[in-house]
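Read the structure below first, then the notes.
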Amino acid sequence: MIKKLIIVTFFSLCYMQGNLGGYAIFDYTNNSGTDGFDLKRAYLSYSSEVSEELFFKIRFDIGRHADDRLTTYLKNAYVDYKCDNGDKLSLGLIGTNSFGVQEKNWGYRFIEKSVVDKYGMTNTADFGIGYSKTFGKVKTSIQLLNGEGFKSGDSDGKQSLYLSVLYGESRLDKNDGMNFGIVMNNNPQVDGTVNNLVGFFGGWASNGLRIGLEHNEFELDVSGITEEAASIYINYDFCEDWDVFVRRDINDLNVDDNVDANDLTIIGGIWNVTKGLTVAPNIYLDDTNTYRLTCMFKY
């Protein structure tokens, strides 16, 4: 039934005015002698300027299920309403405001997610409402969401509060400039406890060089455990078709115990072969070194 709905929706959107597109991530991986090809992810989205005030977007996410099947989810379905004063009101299944700028500071989500997303400290999308307002170079966003994420309905009747504050350029992957900001999540649980996220980030870009860093703390009130995740990355565009990068992550699952944090270093290059095709040889340096050739197809 779900597959039929997706097919009908896809062909229906093809006949509508708007933008239809997405991308897929395909790679070859060698990990301790285990070789293989895989399609890691695929997205299909449609967006449309319904009017001067109203923007609509729907997006499907195809990824691996727990039993290793490729499964389709509805990732986004929302409208943005542009208020008379320039503010924005978002309604529906919206992307959370916890990692979008950091993801652009890093710039290579098809290789790896931003650190707060990679280590599961926040939801990527959820059901709710959001309001965005700009004060000069300061951009603010506040969201009231269910708290369970886009794969689940509201199960506890408690809503979560998401806040982000940004100063500076939000797209360092496309523009020179700098930024810094803070993100905060307050997620009440059914047992009366609260899970909290506080993250700080910053970035700078000029003449093909881009540097970013972030530090996040995720506190589980019920257990008193605080998890930390930090990342620093440097990317350099040394010619028209090639970039190189290095990224270093540190993830400490419990800052109060004596167990060493998990370290990960990613190094690689980005080859922009032609419009719509990017090829990226990269290496994951951790306990088990992983060599990958990652390809992104845009359509």
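The values are calculated or read from the model by the stated rules, or taken from the named source; none is laboratory data. The model shown is predicted, which means the values in this text are computed figures rather than measured ones. FYI the Cβ positions are ideal-geometry reconstructions off the backbone, even for glycines, and counts take in every protein chain you see.
Considering only residues in the range 149-160 that are in a loop (DSSP other than H, G, I, E, B) and of a type in the set (S, T, Y), the one that is surrounded by the most Cβ atoms within 10 Å (Cβ to Cβ) turns out to be S152.
Residue-by-condition table, conditions (1) aromatic (F, W, Y); (2) touching a residue at least 24 places away in the same chain (Cβ under 8 Å):
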{"site": "V50", "(1), (2)": "no, yes"}
{"site": "E53", "(1), (2)": "no, yes"}
{"site": "F60", "(1), (2)": "yes, yes"}
{"site": "G63", "(1), (2)": "no, no"}
{"site": "A66", "(1), (2)": "no, no"}
{"site": "T72", "(1), (2)": "no, yes"}
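Where strands (runs of 3 or more DSSP E) fall wholly inside the range 30-148, the ranges with 1 or more residues that are under 21 Å from the mean Cα position of the chain (by Cα), among the aromatic types (F, W, Y) and within 30 Å of Y291 (Cα to Cα) are 34-49, 54-64, 70-82. Please list, ordered by first then second residue, the pairs with beta carbon atoms under 6 Å, 6 or more apart or interchain, first in the range 19-39 and at positive phi, second at pLDDT 95 or above and part of a strand (DSSP E or B). Correct list of pairs: G22/Y43; G22/L44; G22/S45. Can you find even one residue in the range 72-89 that is more than 30 Å from G136 (Cα to Cα) and hydrophobic (A, V, I, L, M, F, W, C)? Among the residues of the range 72-89, at least one is more than 30 Å from G136 (Cα to Cα) and hydrophobic (A, V, I, L, M, F, W, C), which makes the answer yes.
The set of residues from the range 190-206 being surrounded by 13 or more Cβ atoms within 10 Å (Cβ to Cβ), farther than 16 Å from Y119 by Cα and modelled with pLDDT under 95 comprises T193, V194.
Would you check if there is a residue in the range 200-218 being more than 30 Å from N282 (Cα to Cα), out of contact with any Leu (no Cβ under 7 Å at 6 or more places or on another chain) and either touching a residue at least 24 places away in the same chain (Cβ under 8 Å) or not acidic (D, E) (or both)? No, that holds for no residue.
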